[in-house]
Amino acid sequence: MPHRTSRVLATGAACLTLLLSGAGVASAGVPSAGTGAGTACSGTVRITAFAFQPPEAAPGGSSTATLTAKNCTATSQTVSETWYGRFSGPTTGIPTGCPVLDPFLRPVTLAPHAKATTSTGYNVPTGCTATQLAVTVSITNATGTVLAQQTADLLID
């Protein structure tokens, strides 16, 4: 369901639009940034890549965070991705003009030994004074056990 779902979060006049892309199997064209890329698959699920493209955005601009996860088992895995993010800046608290981001869950089914890629687009509101957006994805199983977790940073210039 690529780009069929959108969610708008608002804080006062500042809005952030999240464009959600559904999970799909991917074997090529996957970003190589992120810790864990290129290491052996162990455990149940492993994040093989998680990065923003482009890695920087100015206020009024946007970037897409792309996550690739691999099923390290011979059985299909149904998991939940919980995406949550936070704008930060030179001062404590939420920077002026930046919204609070609510976490959201995305169900994903990973075929045996397959990779699945999901993406979320982030807009940086024009009046946002943040210098960074950190987005963390936590992958959990049906009982809530965290199988993998990683953070990607978007630099705001």
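Only the coordinates and a few stated rules stand behind these numbers; no lab work does. These figures come from a predicted structure and were not determined experimentally. Cβ placement follows ideal geometry from the backbone for every residue including glycine, while neighbour counts extend to all protein chains displayed.
Table for the structure above
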| read-out | value |
| --- | --- |
| Label-point separation in nm, residue 149 to residue 76, each point 7 Å along Cα→Cβ | 2.9 |
| For region 69-118, alpha-carbon Rg over 2.2 N^0.38 Å | 1.69 |
| Volume of the Cα convex hull of region 49-157, divided per residue and given in Å³ | 89 |
| Nitroxide proxy distance, nm - points 7 Å out along Cα→Cβ at residue 40 and residue 102 | 4.4 |
| Ranked packing of 116-129, 136-149, most packed first, by mean Cβ within 10 Å | 116-129, 136-149 |
| Percent RCO, i.e. relative contact order, over region 52-157, from Cα pairs under 8 Å lying at least 6 residues apart | 38 |
| Potential extension, residue 62-residue 142 segment - 0.36 nm per residue separation minus Cα distance | 25.5 nm |
| Listed residue (123, 109, 136) projecting farthest to the positive dipole end of region 70-157, Cβ model | 109 |
| Cα convex hull of region 89-137, projected area averaged across orientations, nm² | 4.6 |
| Formal net charge of residues neighbouring residue 69 (Cβ-Cβ distance under 15 Å; K, R +1; D, E -1) | +3 |
